[in-house]
Amino acid sequence: MFILVVGGGKVGYYLTRELVSSGHEVVLMEKDRTRAQQIADEIGSIVIPHDGCEGQYLSEAGANRADIVAAVTGDDEDNLVICQMAKHHFDVPRTIARVNNPQNEALFRHLGVDEIISPTRMILGSIEQDIPVHELLHLAALGESELEIIEAHLREGSPAIGKAPRDLQIPDRCSLFAVVRGDQALPLRPDTVLLEGDKVIAIGPTECEEMLHAQLIGMSPAEETADLG
Amino acid sequence: MKAVIVGCGRVGAAIAATLDAAGHEVIILDTATGAFDRLPPTFGGTALRGDGTDEDVLRRAGAEGADLFLSLTEGDNRNCMAAQVAVEEFGIPLTIAKVNDPVRAEAYSHLGVATVCRTNLMADSIRAYLGLPVEHPFGILAPSGTHPGGAHHGGAAAGAVSATAGQVPGVGPGVGADPMAGAGPAGPATSSGREG
């Protein structure tokens, strides 16, 4: 497998090192010459000291025969352009972008980036699991689709307590599929009555989030904000 | 007409002044407020500090419903991203991005964003002055392909770019009117099939 990594910061450096040690063919592009030389001294002459956004250098790096291009610079706009150039200009089958601003995730997906890795979102998700900020937690995004797995913690005041899924108005494209009760994970049947403290696991597109929030938590985040404002 | 301009450099400020003087609604953004000093004292449009690649910033600035979007910052990638936000999120019918790397300029024109490339423009001006053959006679590369996310707007956004290029309401046939109509066919043959 030939993998082209763009961006020789910490992420790009460790990624390249790991890929090399697992036997892949890797080329790393880093536009800062000093940094590029530093990495080359350590892991060998697989570093191209040029800007991976520039068409000419992508071509020289062999982008047209890459199986994967991973854009891991610190700038979202650079990562977007690297992936789009790879995908549309060099016909690379799989592109991966690092995204810092979680709000850019949807746009990147929409614009054809195959995989989006958002460290900010991951850390946020991890923090929210300990300290629920919104009560509706994002557990995982499902690959290329806009589907995600969500956990809803039913606290006092939730309109879902005492009801079964069939009594709730769940949006069409969503599915409630399990409930975590204490230490047990139970399958969620249409007639399973929900209790306070239950954690309902749902899968659905991001746009249904507000409706799920209204059904399982109570007020939607927008309404809460409106109340505060 | 409502125009949004991202980047208040010399070109951005000049176009903002022209459109404003012609009576259009102009919103210009830059990340540095000092850049707005380039605007003439008579400028009656809106100048806002903010990142033009950020959808929220653009929305707050009033980009919704704009007829024209120009991304003219010094960063090619920033311009490509801002232009795509304009097409994708706001469905702005005429969007032009400044892209100084000729390869990227061509690639993005195939992705449904009109691009203007300073490298090509200057090289051609010099070629023409020296009596050498000019390589990019039309200056602006018109969008020749469908934008990857175009389907979400029923393809209307991307399609409208080439349809309305040079016919911006109220602007009249100015620089780029005929050139843009002719730039499509002048594009390389490789343009077809990329967006499949």
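Among the residues making up the range B:4-50, those that are among the charged types (D, E, K, R), closer than 24 Å to B:Asp76 by Cβ and buried (at least 17 other Cβ atoms within 10 Å of the Cβ) are B:Asp30, B:Arg38.
Scanning for something among the basic types (Lys, Arg), touching a strand residue (DSSP E or B) at 6+ places or on another chain (Cβ under 9 Å), crowded, with 19+ Cβ neighbours inside 10 Å and more than 16 Å from B:Gly9 (Cα to Cα), does the range B:98-108 turn up at least one residue? Yes; the residues of the range B:98-108 include at least one that is among the basic types (Lys, Arg), touching a strand residue (DSSP E or B) at 6+ places or on another chain (Cβ under 9 Å), crowded, with 19+ Cβ neighbours inside 10 Å and more than 16 Å from B:Gly9 (Cα to Cα). When you scan the range A:21-43, do you find a residue that is within 14 Å of chain B (Cβ to nearest Cβ), farther than 25 Å from A:Leu107 by Cβ and in contact with a helix residue (DSSP H, G or I) (Cβ under 8 Å, 6 or more places away or on another chain), even just one? Within the range A:21-43 (the criterion being within 14 Å of chain B (Cβ to nearest Cβ), farther than 25 Å from A:Leu107 by Cβ and in contact with a helix residue (DSSP H, G or I) (Cβ under 8 Å, 6 or more places away or on another chain)), the answer is no, since none of the residues qualifies.
In the range B:29-37 there is no residue that is closer than 14 Å to B:Val4 by Cβ and either modelled with pLDDT under 95 or within 10 Å of chain A (Cβ to nearest Cβ) (or both).
Confirm whether B:Thr115 is in contact with a helix residue (DSSP H, G or I) (Cβ under 6 Å, 6 or more places away or on another chain) and crowded, with 20+ Cβ neighbours inside 10 Å. Yes. Filtering B:Thr42, B:Thr46 for residues that are polar (S, T, N, Q), out of contact with any strand residue (DSSP E or B) (no Cβ under 9 Å at 6 or more places or on another chain) and more than 14 Å from chain A (Cβ to nearest Cβ) leaves a single hit, B:Thr42. A:Leu4 meets each of the listed conditions (1) farther than 22 Å from A:Asn100 by Cα; (2) crowded, with 19+ Cβ neighbours inside 10 Å apart from (1). Could you list, ordered by first residue, the pairs with Cβ atoms under 6 Å in which the first is in the range A:161-185 and free of Cβ contacts under 8 Å to residues at least 24 places away in the same chain and of a type in the set (A, V, I, L, M, F, W, C) and the second is surrounded by 14 or more Cβ atoms within 10 Å (Cβ to Cβ) and not in a strand (DSSP E or B), at least 6 apart or interchain? Within 6 Å, the pairs are A:Ala178/A:Leu188; A:Val179/A:Leu188; A:Val179/A:Asp198. For the range B:118-138, the tally of residues that are within 12 Å of chain A (Cβ to nearest Cβ) and either within 22 Å of B:Ala86 (Cβ to Cβ) or out of contact with any helix residue (DSSP H, G or I) (no Cβ under 7 Å at 6 or more places or on another chain) (or both) stands at 0.
Those strands (runs of 3 or more DSSP E) of the range A:72-173 in which at least 1 residues are within 13 Å of chain B (Cβ to nearest Cβ), considering only elements entirely within it, cover A:94-98.
Hey, does the range A:72-89 have a residue that's surrounded by fewer than 16 Cβ atoms within 10 Å (Cβ to Cβ), hydrophobic (A, V, I, L, M, F, W, C) and within 29 Å of A:Phe2 (Cα to Cα)? The answer is no, given that none of the residues of the range A:72-89 is surrounded by fewer than 16 Cβ atoms within 10 Å (Cβ to Cβ), hydrophobic (A, V, I, L, M, F, W, C) and within 29 Å of A:Phe2 (Cα to Cα).
Among the criteria (1) under 26 Å from the mean Cα position of the chain (by Cα); (2) surrounded by fewer than 16 Cβ atoms within 10 Å (Cβ to Cβ); (3) among the acidic types (Asp, Glu), the one A:Glu60 does not fulfil is (1).
Residues in the range A:42-53 that are part of a loop (DSSP other than H, G, I, E, B) and either touching a residue at least 12 places away in the same chain (Cβ under 8 Å) or in contact with a Cys (Cβ under 6 Å, 6 or more places away or on another chain) (or both): A:Gly44, A:Ile46, A:Pro49, A:His50, A:Asp51, A:Gly52, A:Cys53.
Checking the stated criteria, A:Ile39 turns out to be of a type in the set (Val, Ile, Thr), assigned to a helix (DSSP H, G or I) and farther than 30 Å from A:Leu124 by Cα. Taking A:Asp67 as the residue in question, decide whether it is more than 23 Å from B:Asp54 (Cα to Cα) and away from chain B (no Cβ under 11 Å). Yes; evaluated as a whole, the condition is true for this residue.
For the range B:64-84: of the residues being aliphatic (A, V, I, L, M) and within 14 Å of chain A (Cβ to nearest Cβ), which is nearest to A:Glu77 (Cα to Cα)? The extreme case among them is B:Met81.
The values are calculated or read from the model by the stated rules, or taken from the named source; none is laboratory data. As the structure is a prediction and not an experimental result, all values here were calculated from the model. When we count neighbours, we look across all protein chains shown, and the Cβ atoms used for this are built from the backbone with ideal geometry, even at glycine.
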